[in-house]
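Q: My questions will all concern the structure given below.
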Amino acid sequence: MANHQATKKDVRKSRKRRLHNRYYAKTTRNAVRALKALTDAEQVKEKLPAVISMVDKLAKRGVIHKNKAANIKSKLMKKAAKLSGVQ
């Protein structure tokens, strides 16, 4: 690492951003996992918009790729449709 003030500041900022991104990514993964574990259609219908919003925010911020976000949302929507009986 160079001994420039700007470089040192950039290292500090990137460390802070990394921890922030890791926290939100882990929180979202746990929310997706919890939603997949649900078996009641009403609970899934209630929690699905919040989880989809979390996934979209990760994609918007560049924490995950937009196609990965689309795949996650697609799988969650399929599960919700399956539980509600819509094919």
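Here, each number is a calculation from the coordinates, and none is a lab measurement. The shown structure was predicted, so the numbers you read here are calculated from the model rather than taken from an experiment.
Q: With each run of n ≥ 4 DSSP H residues scored as -39500 (n - 2.57), what mean residue ellipticity at 222 nm is computed for the chain after dividing by its residue count and rounding to the nearest 500 deg cm²/dmol?
A: The helix-only estimate for the chain comes to -29500 deg cm²/dmol at 222 nm.
Q: Compute the long axis of helix 5-37 from its Cα atoms, compare it with the longest principal axis of the Cα atoms of the chain, and write down the angle in degrees, 0 to 90, nearest 10.
A: So the helix axis and the longest Cα principal axis differ by about 10 degrees.
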